[in-house]
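J.: Pasting a structure below so you can have a look.
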Amino acid sequence: MAINAVSVGENYFANPLYSVIELEHEFDNSYGVITTGLLNFGMPLLRYKIGDLVEKPPASNGYVFSKIEGRLDDVITTPDGRRIGRMDPAFKGIEGVAMSQIVQLEIDLLCVLVVLDNKNNLKFDKNALTENIKK
């Protein structure tokens, strides 16, 4: 299930006839979306937490969003307080990685765990991965 919203100007408007939407505060002006679908009578999803984050303008009724951010994910917090999620692009173009995990140990220290692929492990470029993460 996803938010059925149309873009009008700078905002997105969700159709209240499609689903009931509840917003759960996550951080800053970001809210998690919980929906109850109104169209699927065969297998209705009640209070389904879809994993998307939205931002809402002031005085929004819950059906108007200023931004649809996407999936709720773990974030890395930078020393200046920014939150960075979706670290999977850091691994784009990096060959030889079967599995990986990024763990933030301290505000200025990341630990990158990598399991190499048996077939392409000689192609793994640690320096390229480090540069991607910095970006």
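J.: Taking N as the number of residues in the range 5-71, what is its Cα Rg relative to 2.2 N^0.38 Å? Numbers along the way, then the final one.
T.: Details: Rg = 11.8 Å, N = 67, 2.2 N^0.38 = 10.9 Å.
After normalising by residue count via 2.2 N^0.38 Å, the value is 1.09.
J.: Related question: Under a 10 Å cutoff between Cα atoms, tell me which one of K56, K123, K67 has the largest fluctuation in the Gaussian network model of the chain.
T.: K123
J.: Please work out which option in [x] 1.22; [y] 1.36; [z] 1.47 gives Cα Rg over 2.2 N^0.38 Å calculated from these coordinates, and answer with its label.
T.: Among [x] 1.22; [y] 1.36; [z] 1.47, the one derived from this structure is [y].
J.: Find the Rg to Rh ratio for the range 75-134, where Rh is the Kirkwood radius over alpha-carbon pairs and Rg uses the same atoms.
T.: Using only Cα positions, Rg/Rh for the range 75-134 is 1.00.
J.: Give me the net charge for the shell around V114: Cβ to Cβ below 14 angstrom, other residues only, Lys and Arg +1, Asp and Glu -1. Each step should come with its number before you reach the end.
T.: Numbers: positive: K123, K126; negative: D88, E95, D117, D125.
Here the charged neighbours net out to -2.
J.: Right, another one. Lys/Arg Cβ at +1, Asp/Glu Cβ at -1, dipole of the range 5-71 taken about the Cα centre: which of G32, S60, L46 is farthest positive-ward?
T.: So the residue furthest toward the plus end is L46.
J.: Let me ask something additional. Under 13 Å from the Cα of K56, which aspartates and glutamates turn up, not counting those fewer than eight places away in the same chain?
T.: Correct list for K56: E10, E22, E24, E26, D28, E69.
J.: Quick check for me: using +1 on Lys/Arg Cβ and -1 on Asp/Glu Cβ, what's the dipole size of the chain about its Cα centre, in debye to the nearest 20?
T.: That gives the chain a dipole magnitude of about 320 debye.
None of the figures in this text is laboratory data; all of them are computed from the coordinates on show. None of the values given here were measured: they were computed from a predicted structure. No Cβ is skipped: glycine too gets one built from the backbone with ideal geometry, and neighbour counts run over all protein chains shown.
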